[in-house]
1. Within region 120-139, can you find the residues that are closer than 21 Å to Lys105 by Cβ, within 16 Å of ligand 2 (Cβ to nearest atom) and in a loop (DSSP other than H, G, I, E, B)?
2. I'd like to check something: does region 61-73 contain any residue that is in contact with a Leu (Cβ under 6 Å, 6 or more places away or on another chain) and polar (S, T, N, Q)?
3. Tell me which residues, restricted to region 118-132, are within 25 Å of the chain's Cα centre (by Cα) and either away from ligand 1 (no atom under 16 Å from the Cβ) or surrounded by 12 or more Cβ atoms within 10 Å (Cβ to Cβ) (or both).
4. Among the numbered criteria (1) within 25 Å of Ile27 (Cβ to Cβ); (2) in a loop (DSSP other than H, G, I, E, B), which one does His92 miss?
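Since every read-out is calculated from the coordinates, none of them should be taken as a lab result. No experiment lies behind these values; they were computed from the predicted model shown. Don't worry about glycine lacking a Cβ; one is built from the backbone with ideal geometry, like all the others, and counts go over all protein chains shown.
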Amino acid sequence: MENLDNKVLFAKKGIKNTKQRNMTYNILMQENLPVTAELIFLKLKEADEKISLSTVYRILEVFISKGLVIKRNLSEDNMAVFEINNMEHKHHLICYCCKKMQVIKGCPLGAYEKILQEQTDYDISGHRLEIYGYCPDCKEKK
Ligand SMILES: [Zn+2]
Ligand SMILES: [Zn+2]
């Protein structure tokens, strides 16, 4: 399934448009949340695509190098997750148990950054924040 938007986007970024790159990008778009390379790999397999996990990683590296995708290492267990770089500032709530992630609306740290900047004379350029807990489903099972 060819996505015309991807084709234009890839051309703009100087990325060769291949079927597997297209599919990988579509999966990231559809998930709309940080996902592991393994999950992308499984989805591609489901779609009957003959691909190896290392190829998925290589595709992701290309996307990252062109600024299309962001890689995050979740501090908890060093698991790497990937998501579309939509330039939107956001934070995630992550379940310890099932690793489900959801986007937290808004950012509580804007004012704090300003205070910190004044206190430390740092030029503060950003932050990362992930909040962990047990989701309603897992809480019930506990
Ligand atoms: Zn959970
Ligand atoms: Zn923030």
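1. Scanning region 120-139 gives Gly126, His127, Arg128, Leu129.
2. Taking every residue of region 61-73 in turn, none turns out to be in contact with a Leu (Cβ under 6 Å, 6 or more places away or on another chain) and polar (S, T, N, Q).
3. Ile124, Ser125, Gly126, His127, Arg128, Leu129, Glu130, Tyr132
4. Every listed condition holds for His92 apart from (2).
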